[in-house]
Amino acid sequence: QVQLVASGGGLVQPGGSLRLSCAASGSIFSIFAMAWYRQVPGKQRELVAGITTGDSTNYADSVQGRFTISRDSAKNTVYLQMNSLKAEDTAVYYCNTAPPASRYWGQGTQVTVSS
């Protein structure tokens, strides 16, 4: 069964950058649109950025112009480059298909933006 493993999170100061990676144990990126989601305790999980098999991208208004999603199908990896980070970007970040499939939710990776 395919698993998605998100990594690259950490503690960063406001204005800083992080690059998240999502590695798949199988070749699903060439089949499905993929996306990054995030969740803050007590709130619903929200879509952050998505990318289609044709490399069309879409972003939440709150991250437009600051985040960039990309994919490398040869490496079975999806990336999220996050620049100009803000405190409100603090969350657990997950990758999944778009729309999401329950079987692909993993542990996520924590991103904390704080001085």
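The values are calculated or read from the model by the stated rules, or taken from the named source; none is laboratory data. As the structure is a computational prediction, the values presented were derived from the model and not from experiment. For neighbour counting, all protein chains shown are included, and Cβ atoms are generated from backbone atoms with ideal geometry for every residue, glycine included. What goes into the accessible areas is simple: the full protein's heavy atoms, side chains included, and nothing from ligands, DNA or RNA. Shrake-Rupley method; radii C 1.70, N 1.55, O 1.52, S 1.80 Å.
Does the range 26-34 contain any residue that is touching a Gly at 6+ places or on another chain (Cβ under 6 Å) and open to solvent by 30 Å² or more (accessible area, probe 1.4 Å)?
no
All but one of (1) open to solvent by 70 Å² or more (accessible area, probe 1.4 Å); (2) at pLDDT 95 or above; (3) in a loop (DSSP other than H, G, I, E, B) hold for Asn58; which doesn't?
(3)
Can you tell me which residue within the range 6-33, out of those that are modelled with pLDDT under 95 and outside any loop (DSSP other than H, G, I, E, B), is farthest from Asn83 (Cα to Cα)?
In this case the residue turns out to be Ala24.
Filter the range 67-93 down to residues that are over 17 Å from Cys22 (Cα atoms) and open to solvent by less than 30 Å² (accessible area, probe 1.4 Å), then give me how many there are.
Of the residues in that region, 2 qualify.
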